[in-house]
Amino acid sequence: MMPEPKALYLPLCSERFTFTDIRVEDGQKVSGGDVLATDPENYAVPLLAPRAGTTVHLNAVENHIVLEDVALLEEHADIAEKEMLHVERQMGAAGIKRYKLLSLGAWQFFYDAFTGALPDPLGTPQAVIVSTLSLEPFLTRGDVQLHKRLLNFTRGLEHLQSLLEYQPIYLVMPNISSEFANLIRNQIRGYASVKMLEIPLKYPYNHFAILARRLNLKSGGGPVWAVRTEGILAVDRALTLTKPCTVRIVSIGGIGVNRPTHMKVMPGYPIQKIKDKYVFEPAARVINGGILTGKILAAETLGVDTECRGITVLRELQEREFLGFIRPGWDRHCYAGCYLSSLRKKFRERLTTGLRGEFRPCISCNYCQEVCPAGIMPYLIHKYLYADLIEEAEQARVDLCVECGLCSYVCPSKIDLRKQLIDAKALIEREKEEIRQEQLRQEEARKQQEEARKQSEGNNE
Ligand code: SF4
Ligand code: SF4
């Protein structure tokens, strides 16, 4: 656990959420668990105050809510009783539980397995995937979170089960034999609706979309909820204790860190304090998330965001390495196997932000296709996008990309394929949405015309 901070800097944006509906005023005192803001685009998911007895500053730092005089007092659950009554009338006891999950910050840990978006908290999934694995290098490991919390985990699973009718819960475990893994297996055997899925400890087999495909779940069959270990622990906290879920276990790792570790922090925890304690590199690139899928943490972001799972630090190369692209690379890996390092056995890699080569056009080496777990051809889609052939990119199934980043990692031409494919997916989605909206407008206009015609016929009679 990191020491208690004096001030918290809560970013108003995270990977999926943008908290635009501010619910507090400048200078207001808040208690731990109070709603500071919500995201109206995501079922009003709340940004909760992680600590009590604080003062809010809305304009002190752009895109942050700053809490000062942070104090560790008894937390309180900010649940609107009126809304609860309404939900109970509409959906019964299961509805109340779902409403609690949303209000107490546990729902933020859920994903739609196919799209990665926040699922509808009142929706009905065809299945739930619970993954105990986190395989991207440097990100918080599931077994670390489960350590000493197995009881909370199984209780969380029971709560989850009580939200469903007959839909299965798939628990994803590593296909290894360890004392702890066997302990979990034995515990889970007693739960009839929890089915075990064992997978190799290899990135990105733990990706939710890949797991859904492996389980033969089709997106046409309805949403698939997906949640990791920390989400199940949050479900337990929200539904057993009715307490807000504001603490996260976050990893700090990478080559620029003196002691890779897992730490308990709350959203808003000052990044600078973490850097002071763990980062030894004077020139470091700090990444919010893992090395393959994380985003560079902008200097303007002062605190840990609500969805942070790990912070990765790499040494920032400030100068280009002289003839870096032909240097043999005895101390770093290359997928192409053309570095001397391919002659070595396993070794600790000197990962930096250096590109080890040049930006250049695609050389059709096919490496990106070889590594792609979605079975698509990233280089082909890249060429279609380069020529603005969006329809062809769609036909090449860009939608199947799970955004794992392996293609960008292996590409010797340094093409950021992952980003290009993500942008293309978003563009196609936007275009589809526009077409949907246009069809709805036309349908509405047609109905109105029909209505007007019937009315005028009635008047004539
Ligand atoms: S295209 Fe790239 S980012 Fe997408 S799934 Fe394949 S390897 Fe991963
Ligand atoms: S890895 Fe890069 S250079 Fe090789 S085929 Fe894919 S896009 Fe082209």
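The values are calculated or read from the model by the stated rules, or taken from the named source; none is laboratory data. Remember, it's a predicted structure, so these values are computed and weren't measured experimentally. Here the Cβ positions follow ideal geometry from the backbone for every residue, glycine too, while neighbour counts run over all protein chains shown. SASA here: full protein model, heavy atoms, side chains in, ligands and nucleic acids out. Shrake-Rupley method; radii C 1.70, N 1.55, O 1.52, S 1.80 Å.
Search segment 198-217 for residues being without any contact (Cβ under 8 Å) to a residue 60 or more places away in the chain and touching a strand residue (DSSP E or B) at 6+ places or on another chain (Cβ under 9 Å), and hand back the single one that is surrounded by the most Cβ atoms within 10 Å (Cβ to Cβ). Steps first, answer last, please.
Going residue by residue through segment 198-217, those that are without any contact (Cβ under 8 Å) to a residue 60 or more places away in the chain are 198, 200, 213-214, 216.
After this cut, where a residue has to be touching a strand residue (DSSP E or B) at 6+ places or on another chain (Cβ under 9 Å) as well, the list is 198, 200, 214.
Details: GLU198: 12, PRO200: 12, ARG214: 14.
Step by step, filter segment 198-217, then rank; the result is ARG214.
Conditions: (1) more than 27 Å from THR312 (Cβ to Cβ); (2) more than 15 Å from ligand 1 (Cβ to nearest atom); (3) in contact with a Leu (Cβ under 8 Å, 6 or more places away or on another chain). GLN449 meets all but one. Number of the miss?
(3)
Can you tell me which residue in segment 380-421 is nearest to LEU139 (Cα to Cα), limited to those that are out of contact with any Lys or Arg (no Cβ under 7 Å at 6 or more places or on another chain) and within 8 Å of ligand 1 (Cβ to nearest atom)? Break it down stepwise before answering.
Residues of segment 380-421 out of contact with any Lys or Arg (no Cβ under 7 Å at 6 or more places or on another chain): 380-397, 400, 402, 404, 406, 409-412, 414-421.
Next, from what is left, pick out any that are within 8 Å of ligand 1 (Cβ to nearest atom): 381, 400, 402, 404, 406, 417-418, 421.
Numbers: ILE381: 29, LEU400: 24, VAL402: 17, CYS404: 13, LEU406: 16, LEU417: 22, ARG418: 19, LEU421: 23 Å.
For segment 380-421, the residue satisfying everything is CYS404.
How about segment 41-63: which of its residues are polar (S, T, N, Q) and in contact (Cβ under 8 Å) with a residue 60 or more places away in the chain?
The answer is ASN42, ASN63.
In segment 424-461, what residues are within 30 Å of LEU380 (Cα to Cα) and aliphatic (A, V, I, L, M)?
Of all residues in segment 424-461, those within 30 Å of LEU380 (Cα to Cα) come to 424-436.
Answer for segment 424-461, where residues must be within 30 Å of LEU380 (Cα to Cα) and aliphatic (A, V, I, L, M): ALA424, ALA426, LEU427, ILE428, ILE435.
Answer yes if at least one residue in segment 218-232 is surrounded by fewer than 22 Cβ atoms within 10 Å (Cβ to Cβ), free of Cβ contacts under 8 Å to residues at least 24 places away in the same chain and on the phi < 0 side of the Ramachandran plot, and no otherwise.
Yes, segment 218-232 has at least one match.
Suppose we keep only residues that are touching a Lys or Arg at 6+ places or on another chain (Cβ under 7 Å) and open to solvent by less than 70 Å² (accessible area, probe 1.4 Å) within segment 330-351. Which one would you say is modelled with the lowest pLDDT?
Taking segment 330-351 as the starting set, the residues that turn out to be touching a Lys or Arg at 6+ places or on another chain (Cβ under 7 Å) are 331-332, 339, 341, 349-350.
Retained after the next criterion (residues that are open to solvent by less than 70 Å² (accessible area, probe 1.4 Å)): 331-332, 339, 341, 349.
On the way: ASP331: 79, ARG332: 79, TYR339: 79, SER341: 84, GLU349: 74.
Looking at the filtered set, the residue picked out is GLU349.
Quick check on my filter: what residues within segment 352-370 are at pLDDT 80 or above, more than 16 Å from ligand 1 (Cβ to nearest atom) and open to solvent by less than 50 Å² (accessible area, probe 1.4 Å)?
THR352, THR353
Which pairs do you get when a residue that is of a type in the set (Lys, Arg), found in segment 390-401, comes within reach of a residue that is crowded, with 17+ Cβ neighbours inside 10 Å, reach meaning Cβ atoms under 6 angstrom, with the pair 6+ apart or on two chains?
Qualifying pairs under 6 Å: ARG397/ILE376.
Select, from LEU406, LEU427, LEU380, LEU385, the only residue that is within 13 Å of ligand 2 (Cβ to nearest atom), open to solvent by less than 80 Å² (accessible area, probe 1.4 Å), hydrophobic (A, V, I, L, M, F, W, C) and over 26 Å from HIS333 (Cβ atoms). Before you say what the answer is, go through the steps one by one.
Numbers: LEU406 fails: over 26 Å from HIS333 (Cβ atoms); LEU427 fails: within 13 Å of ligand 2 (Cβ to nearest atom); LEU380 fails: over 26 Å from HIS333 (Cβ atoms).
Just one listed residue meets the conditions, LEU385.
May I ask you to verify whether GLY354 is more than 16 Å from ligand 2 (Cβ to nearest atom) and either farther than 26 Å from GLY289 by Cα or not charged (D, E, K, R) (or both)? Spell out how you get there, then give the answer.
Working: more than 16 Å from ligand 2 (Cβ to nearest atom): yes; either farther than 26 Å from GLY289 by Cα or not charged (D, E, K, R) (or both): yes.
Spelling it out, GLY354 is indeed more than 16 Å from ligand 2 (Cβ to nearest atom) and either farther than 26 Å from GLY289 by Cα or not charged (D, E, K, R) (or both).
So which pairs qualify, if the first residue must be in segment 406-425 and in a helix (DSSP H, G or I), the second must be within 9 Å of ligand 1 (Cβ to nearest atom) and small (Gly, Ala, Ser), the Cβ gap must be under 8 Å, and the two must be at least 6 apart or on different chains?
Within 8 Å, the pairs are LEU417/SER408; ARG418/GLY405; ARG418/SER408; LYS419/SER408.
Mind checking which strands (runs of 3 or more DSSP E) fall wholly inside segment 103-178 and carry at least 2 residues that are of a type in the set (A, V, I, L, M)? If you could, list the steps in order and put the result at the bottom.
Working: elements: 110-112, 127-131, 169-174.
Correct list: 127-131, 169-174.
Does ARG185 satisfy the condition of being free of Cβ contacts under 8 Å to residues at least 24 places away in the same chain and open to solvent by less than 40 Å² (accessible area, probe 1.4 Å)? It would help to see each step written out before you state the result.
On the way: free of Cβ contacts under 8 Å to residues at least 24 places away in the same chain: yes; open to solvent by less than 40 Å² (accessible area, probe 1.4 Å): yes.
Yes, satisfied.
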